[in-house]
Amino acid sequence: KLFMCGVSLVKKIARFIAVAAVVLFAGFNANAETEYKEHVVGNADAPVTLIEYASYTCPHCADFHNDILPQIKKDFVDTGKVKVIFRDFPFEQIGATAAMLSRCVEPSRFDGFNSLLMQQQANWVSSKNPIEALFKLAKLAGLSQEKIDSCLADEKLLDKIIAVRKEAMDTHGFNSTPSFLIN
């Protein structure tokens, strides 16, 4: 049902997800109710739900998004068998800032911004000023400086992001990213 990964397990996890998706395709339906706005990739009515808990500053999460997820999308999401839900699991201020900004872009731009953050992660995380680099990426996604400032001042949004992480830790025992739930 759940598992956590480290550096050496990313490819094994991808294989496990693919096999589990096929096995679970038989039809479990677990629609978890949360206060956190879900961003669903794929058919919302897909019989299998893959929930990823990730941090924008986690290099293993970026590897999963850049190298593994495209194949899962092609084989399972695009065929209507699986939907993917991304949930934030930041460990520090920079990751929380990225999570907040991702939630403030227009919903139609979330997937693109999510991908941009993961694809460009090595650049912005290691820059002299990662927050400033994040702001530049957020502006590419359509956020004005005023919207960025407003977003980062939204304590309720930060509280929701932290609550999602806390729930994953308390309920599922997650303490690393990426971590996954299937159905």
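Read the figures in this text as sums done on the coordinates, not as results from a lab. Please read all numbers here as calculations on a predicted model, not as lab measurements. Ideal geometry is used to build each Cβ from the backbone, glycine not excepted, and the neighbour counts take in all protein chains shown.
A compact table of results
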quantity	calculated
Antiparallel DSSP beta bridges within the range 27-150, percent to nearest 5	20
In sequence order, calculated HN-Hα J values of the range 146-160 (Karplus, 6.51, -1.76, 1.60; Hz; x Gly/Pro)	4, 5, 4, 4, 4, 4, 6, 8, 7, 5, 5, 5, 4, 4, 5
Difference of contour (0.36 nm per residue) and Cα-Cα distance, Asp78 to Ser126	13.9 nm
Förster radius 25 Å - calculated FRET efficiency between Asn175 and Gln119, Cβ distance, rounded to 0.05	0.45
Rounded FRET efficiency, nearest 0.05, which uses the C-beta distance separating Gln71 from Val40 and R0 of 22 Å	0.70
Segment Asp111-Ala153, length gained on full extension (0.36 nm per residue, minus Cα span)	12.8 nm
Low-density loop cleavage sites - trypsin sites (Lys or Arg not before Pro) in the range 120-173, where at most 15 other Cβ are within 10 Å (DSSP)	Lys128
